1. Please find, within region 14-49, the residue that is least open to solvent (accessible area, probe 1.4 Å) out of those that are in a loop (DSSP other than H, G, I, E, B) and away from ligand 1 (no atom under 16 Å from the Cβ).
2. All but one of (1) of a type in the set (Phe, Trp, Tyr); (2) more than 16 Å from ligand 2 (Cβ to nearest atom); (3) crowded, with 21+ Cβ neighbours inside 10 Å hold for TYR58; which doesn't?
3. Determine the pairs where a residue that is under 15 Å from GLY218 (Cβ atoms) and in a loop (DSSP other than H, G, I, E, B), located within region 64-89, has a partner that is open to solvent by 50 Å² or more (accessible area, probe 1.4 Å) and away from ligand 2 (no atom under 16 Å from the Cβ) with Cβ atoms under 8 Å apart, the partner being 6 or more residues away or on another chain.
4. Within region 203-212, is even one residue within 13 Å of ligand 2 (Cβ to nearest atom) and not charged (D, E, K, R)?
5. It is to be established whether one or more residues within region 165-183 are under 30 Å from TRP33 (Cα atoms), open to solvent by 70 Å² or more (accessible area, probe 1.4 Å) and either touching a residue at least 24 places away in the same chain (Cβ under 8 Å) or among the β-branched types (Val, Ile, Thr) (or both).
6. Mind checking which residues of region 208-243 are touching a strand residue (DSSP E or B) at 6+ places or on another chain (Cβ under 8 Å), assigned to a helix (DSSP H, G or I) and charged (D, E, K, R)?
7. Out of curiosity, is ASP84 open to solvent by 20 Å² or more (accessible area, probe 1.4 Å), out of contact with any Lys or Arg (no Cβ under 6 Å at 6 or more places or on another chain) and either within 30 Å of ASP44 (Cα to Cα) or modelled with pLDDT of 95 or more (or both)?
8. Go through (1) within 16 Å of ligand 1 (Cβ to nearest atom); (2) buried (at least 20 other Cβ atoms within 10 Å of the Cβ) and name the single condition THR238 misses.
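The values are calculated or read from the model by the stated rules, or taken from the named source; none is laboratory data. Being a predicted model, the structure only gives us computed values, none of them experimental. So basically every Cβ, Gly included, is an ideal-geometry build from the backbone, and we count neighbours across all protein chains shown. Heads up: the accessible areas ignore ligands, DNA and RNA and are worked out on the full protein's heavy atoms, side chains in. Shrake-Rupley method; radii C 1.70, N 1.55, O 1.52, S 1.80 Å.
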Amino acid sequence: SAVFNLQEGTKDQVQEFLNSFDTVLTDCDGVLWIDNNAIQGAADTMNYFRKIGKKIFYVTNNSTKIRSDFAAKAQQLGFIASQDEILSTAYLVAHYLKGIGFTKKVYLVGSNGIGEELKAVGIRHTGIGPDHVKPDFKSMKPSELDPEVGAVVVGFDEHVSYPKFMKAASYLASEDCLFIATNTDERFPKGGSIVVPGTGTIVRAVETCSERKALVLGKPHAYVRKFLESCGLDPARTLMIGDRCNTDIELGVRCGFQTLLVLSGVTSNKDLQKIQSDKTPPLPDVVLPKLGDLLSLLPS
Ligand code: PLP
Ligand code: CA
């Protein structure tokens, strides 16, 4: 079935679309904002959804911030948002580990966002910050490993380094050590000729040297689905909005949500055409150039 360009829909079709969901799940970066700049019309559209009674969740794979930081950022950019509407990967990691009764320490290849969310649920961690290569780095001793560590968590880490890979893989050599990753996004949605490697780069590196596969908690994986189901939403009456087919739209398809792809982030019109001919990753139901384009289509 073809992707429906809402801009080519009639007023009735737009109204029908709006009536077809009660809950809106939205990706953040690439849909609502890029870095610290709101995407034009996104806040007005989300606030309109709220005004007409839709329930809203912000679902982000970004692991670098805590939920209250995301809520503050959203508010600053004009979105009405509260902390408990934020479903971020740092929070998911803490929620997951708490849920399984984890009491050991986490070796964290990641940033403060995860560290603070872990702290908030009483889980200790080590590893944040720079860990530089020393001249004798290959002679690391087992005594340099912390026997309290029972999980390696990998998220976005701007200080990622060879010694961190060495420690992570050494902890993971113990079968009992859990291996959790926030997300596997390949890249950041930057334009132009500069490629900014995403968290997937780091996760795949740790998977390679540990010879293990991480349990990935972010979009499109099952933990988000379980979490959302526990919030009691009706999949058939839920809309997932995203800028990536292999995370946002894939999550939507796996969960039985309706899906709206916007072309203001990672996926370009050209990418969409390729996805349409390859049929992988899954296609969205509906497409718009950007979320704010919905405003001019609204029934008056
Ligand atoms: N991970 C990191 C570290 C990020 O900074 C971002 C976007 O800024 C993402 C992931 C992607 O986030 P989202 O799922 O909101 O697009
Ligand atoms: Ca995104």
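1. PHE21
2. (2)
3. That search, which allows pairs on different chains as well, returns THR64/ASN112.
4. no
5. no
6. Within region 208-243, just ARG237 meets the criteria.
7. Taking the combined requirement at face value, the residue satisfies it.
8. (1)
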